[in-house]
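A quick write-up on the structure given underneath.
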Amino acid sequence: MIKVENLSKKFDGKLAVDQISFEVGVGETMVLLGTSGCGKTTTLRMINRLIEPDGGSVYIDQENVGGQQPELLRRRIGYVLQNHGLFPHYTVLENMSVVPKLLEWDKEKIRNRSMELLDKLKLDSTLGKQYPSALSGGQQQRVGLARALMADPPILLMDEPFGALDNITRADIRREFTELDELAKKTIILVTHDIQEAFEMGDKICLMDKGKVMQYGTPEELLFKPQSAFVASFLKEHKLLLELKFLKMGGHTAWELLEQLELGKLKEILFTLEG
Amino acid sequence: MEESQSLGQFMVQQSGKLFSQTLTHISLTLLSMVFAIAIAVPLGIWIARRRRFSGPVLGFAGILQTIPSIALLGIMIPFLGIGPKPAILALFLYALLPVIRNTYTGITGVDPVVVDAAKGMGMSNWQILIKVELPLAFPVLMAGIRTATVINVGVATLAAYIAAGGLGEFIFGGIALNNSNMILAGAIPAALLAVMLDFLLSRVQQLSLKRVRMVYLILPFLFVLLCSFYFLPSKIGGRMLAGFTPEFMGRQDGYIGLKEVYKLKIETVVISDAVKYKAAYEGKLDVIDGYSTDGRLKAFDLVTLKDDQHIFPPYYAAPVVRQAVLKKYPELEMVLNKLSGLLNDEEMTRLNYDVDKLKQSPEKVASDFLSAHHLLQPALPGGKGIIRIGSKVFGEQYILAQMYKMLIRGYSHLDVETKTGLGGTQICFDALKNDQIDLYPEYTGTGLLVILHPSPSVLNGIPKDKDAVFNYVKKEFNHQFNLTWLKPIGFNNSYALMMRRKQAANLNIKSITDLVHHLNEN
């Protein structure tokens with residue numbers, strides 16, 4: 001679906017992104033993980049051409065995006081930003097109508113689709129007439145997602161979508177998002193610096209540092225088969241928690257069992273671990 | 001009579017004029033604002049896109065802002081003549097800076113995340129500008145427009161100096177004539193206008209962000225609609241046009257007298273003394289008022305019309321001095337009287353010509369004259385006290401002030417401080433009365449009609465000859481203000497009507513009566 005080949009970008013002569021390559025299949029969620037300044041956001045923004053690469057190419061459905069008109073390209077790709085980026089002078093409904101209007105949908109279709117998404121994202125339909133400033137942080141982020149989903153784009157780019165939320169709201173909204181059927185079939189590239197978030201949401205994780213890919217693979221691969229000392233040390237602090245979440249026994253993860261206080265089974269797992 | 005008239009009565013009596021002046025004022029302000037917005041907003045957007053040009057553009061607009069308004073109006077005259085065109089251009093230039101700067105600040109102040117979101121959703125640059133940046137920058141942009149509008153309501157009063165009309169006609173006429181009703185009749189509507197326009201624009205500024213998009217369409221139409229009120233004084237169909245100073249317009253020995261005594265009916269515009277000669281020379285005006293010894297008369301090849309019915313009283317110049325100063329320094333009177341009888345009309349006109357046309361400094365002209373008459377002495381050591389000499393804003397007064405300065409320094413141990421360029425008769429007189437200056441050269445006719453303005457019955461009782469008028473003002477000034485008129489200098493700088501020499505010869509106009517006949521026949 002999305003193929004990135006030897007993508008590079010320099011800022012003031014310094015390489016921000018250095019020869020990055022990866023592929024994301026249809027319906028997969030790929031997480032670009034790394035500390036700030038590692039080049040993950042730059043990589044994301046080169047996919048919808050908000051930044052023009054200095055080298056390499058991006059293909060969507062085997063088509064090079066470099067040859068397409070940027071505006072038309074972006075209308076087919078959902079884009080969710082940290083701090084939501086809602087237009088403060090537009091109501092919730094007007095914010096959601098931006099892309100459909102650019103695509104020249106008729107009013108009826110826009111209305112129906114808006115109502116559908118408000119409902120799916122558990123937003124009260126009366127909020128539709130409110131301005132973003134009247135909404136809570138969580139609500140704003142949901143509207144930001146709803147706006148990106150309006151035209152039902154096959155691809156969604158998300159730049160730290162939960163970054164501006166407090167920890168509790170963030171966990172709640174994240175869970176809601178992962179359960180959302182609208183998102184299940186989409187190809188998603190998500191940028192985050194939050195290791196837990198990456199492991200919870202990603203089908204694949206691309207760990208970056210200083211513009212380079214350190215390891216690209218499934219969460220399990222990163223966790224259990226780190227390719228370098230950097231990867232291992234990057235995950236170290238969260239290792240126990242993540243392992244609990246990814247070790248499975250009888251259809252349950254260790255974390256779920258712990259949560260349900262099924263301590264007997266937990267012992268069994270830990271016992272097998274030691275053995 | 002005039003004093004007892006209330007402001008309300010004055011405004012009712014002059015309501016027609018007041019109304020048309022107010023409309024002209026609104027039109028000047030709004031028309032210049034429409035042009036300014038049309039240029040400054042796109043320019044502000046452009047420098048917000050290309051930041052490296054923001055410094056030079058804002059700097060240049062800032063320099064325009066620092067040019068004094070009256071100087072800016074003066075600069076325009078050679079290019080655009082007189083009337084509303086240069087006035088609107090000057091106002092336009094003044095409005096540029098606030099509007100450019102606020103457009104720039106507004107656009108650069110839009111949250112970059114919002115712009116990024118707009119771009120990421122696939123909006124084109126134009127769509128981002130129209131749908132996101134301009135609506136969000138709107139309150140700041142409007143604040144700039146408000147500032148510029150209020151400034152321009154004020155500056156537009158100066159348009160009266162270059163025959164563009166507006167409320168400045170009353171204000172400057174009132175100042176020149178010491179008529180506070182007239183000043184207020186211009187100043188109050190101008191202030192109200194500024195407050196009202198500011199209020200209206202503040203309402204526009206506060207419109208909900210959603211309706212802003214509509215306002216963008218309505219606003220220009222509203223402006224243009226208001227501008228259609230505009231009508232201006234101009235030369236229509238070959239008829240003659242007169243340009244008179246605000247002072248002359250309101251004086252008994254000026255336009256009022258011309259209307260009453262000569263039954264003069266001519267289209268008039270109000271214009272400042274500084275530009276009227278040039279305007280007449282260039283054919284923008286046909287008849288102007290002026291002073292018979294003015295050097296510019298010679299410089300611009302104009303002729304005076306004979307005052308055959310004697311409405312202009314004699315205007316012999318003499319120093320007016322505070323009595324207290326004469327008492328304190330008795331030698332001063334003798335020193336000042338050294339100039340008495342030395343300067344006749346021709347001599348004075350020649351000196352004025354040297355300053356106005358040949359651009360010699362008043363100091364040089366004064367010292368050359370004194371040395372030719374063997375009156376120039378090297379300065380004596382000072383320290384005894386300071387004499388403050390005032391003058392009005394024209395060459396002749398500067399020359400006389402310099403001559404007095406040189407005489408005092410040369411023949412007494414007094415020091416001299418000159419305060420030249422005091423706006424008009426009233427300002428000089430008030431400065432003298434309030435002990436801010438010690439003396440200035442005044443004209444007998446002006447003292448009689450502007451300062452003393454006696455009732456018509458008293459006025460008719462004074463013969464219009466040199467000595468009678470001089471004795472009357474000397475007596476009254478002494479009695480009323482403790483001010484002394486010393487001996488007249490010699491020349492008579494009378495008010496006069498003037499025309500281009502060629503036009504006057506072609507039409508065979510030699511006197512004001514000839515002019516009235518000519519106007520009535522055509």
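Couple of notes before you dig in:
- Peptides A:103-112, B:501-510, A:88-97, ordered by how many other C-beta atoms sit within 10 Å of their residues on average, highest first, read A:88-97, B:501-510, A:103-112.
- Here each label is just a point 7 Å from Cα along the line to Cβ, and for B:LEU7 and B:TYR281 those points are 4.1 nm apart.
- Relative contact order of chain A, defined on C-alpha pairs under 8 angstrom at six or more residues apart (%): 23
- Taking the range B:242-311 and dividing mean pair separation by its residue count, relative contact order in percent (alpha carbons under 8 Å, at least six apart): 38
- Debye intensity ratio I(q)/I(0), log10, the range B:317-493, q values 0.11, 0.13, 0.18 Å⁻¹ (C-alpha model): -0.45, -0.63, -1.21
- In chain B, taking the dipole from charged Cβ atoms about the Cα centre, the farthest positive-side position among B:ASN125, B:SER494, B:LEU370 is held by B:ASN125.
- Kirkwood Rh and Cα Rg combined as Rg over Rh, evaluated for chain B: 1.06
- Across the range B:505-514, coupling constants 3J(HN,Hα) worked out from phi with the 6.51/-1.76/1.60 Karplus curve, θ = phi - 60°, read 5, 4, 8, 6, 9, 10, 10, 4, 4, 4 Hz, and Gly and Pro carry x.
- Charging the Cβ of each Asp and Glu at -1 and of each Lys and Arg at +1, and nothing else, the dipole of the range A:2-238 about its Cα centre rounds to 420 debye.
- Within the range A:2-238, percent of DSSP bridges classed antiparallel, to nearest 5: 50
- With a simple spin-label model that places each label point 7 Å from the Cα along the Cα-to-Cβ direction, the separation between B:LEU376 and B:ARG51 comes to 6.2 nm.
- By the Cα gyration tensor, the range B:7-227 has an equivalent ellipsoid whose semi-axes, rounded to whole angstrom, run 37, 20, 12 from largest to smallest.
- Counting Cβ atoms of other protein chains within 10 Å of each residue's Cβ and taking the mean over peptide B:97-105 gives 0.
- Efficiency of FRET between B:ILE386 and B:LEU207 - r from beta-carbon atoms, R0 56 angstrom, step 0.05: 0.40
- What a 1.4 Å probe finds exposed on the protein assembly as shown is 56% carbon and sulfur by accessible area, rounded to a whole percent.
- Radius of gyration and maximum dimension Dmax of the range A:119-172, Cα, Å: 11.7, 31
- Mean separation of Cα contacts under 8 Å (6+ apart) over length of chain B, as relative contact order %: 16
- For chain B, with +1 on Lys and Arg beta carbons and -1 on Asp and Glu, the positive-most of B:MET182, B:GLY243, B:SER27 along the dipole: B:SER27
- Placing a pseudo-label 7 Å from each Cα along the Cα-to-Cβ vector at B:ASP435 and A:GLU268 gives an inter-label distance of 11.1 nm.
- In chain B, taking the dipole from charged Cβ atoms about the Cα centre, the farthest positive-side position among B:LEU264, B:ALA401, B:ILE67 is held by B:ILE67.
- Calculated FRET efficiency for the pair B:ALA38/A:GLN62, C-beta based, R₀ 30 Å, to 0.05: 0.05
- For the protein assembly as shown, the Cβ-based charge dipole about the Cα centre amounts to some 1380 debye (Lys, Arg positive; Asp, Glu negative; other atoms uncharged).
- Inter-chain neighbour count for A:231-240: the average number of beta-carbon atoms from partner chains within 10 Å of each residue's beta-carbon is 0.
- When chain A is treated as a GNM with alpha-carbon contacts under 10 Å, the residue of A:ASN83, A:ASN64, A:ASN48 showing the greatest mean-square fluctuation is A:ASN64.
- Taking the longest Cα principal axis of chain B as reference, the axis of helix B:212-227 is set at about 30 degrees.
- Links that overshoot a 19 Å alpha carbon limit, given the list B:LYS259/B:LYS466; B:LYS263/B:LYS502; A:LYS204/A:LYS225: B:LYS259/B:LYS466; B:LYS263/B:LYS502
The values are calculated or read from the model by the stated rules, or taken from the named source; none is laboratory data. Quick caveat, the model's predicted, so the values are computed rather than measured. Every residue, glycine as well, gets a Cβ built from its backbone with ideal geometry; the counts of neighbours run over all protein chains shown. In case anyone asks, the SASA skips ligands and DNA or RNA and just uses the protein heavy atoms, side chains included. Shrake-Rupley method; radii C 1.70, N 1.55, O 1.52, S 1.80 Å.
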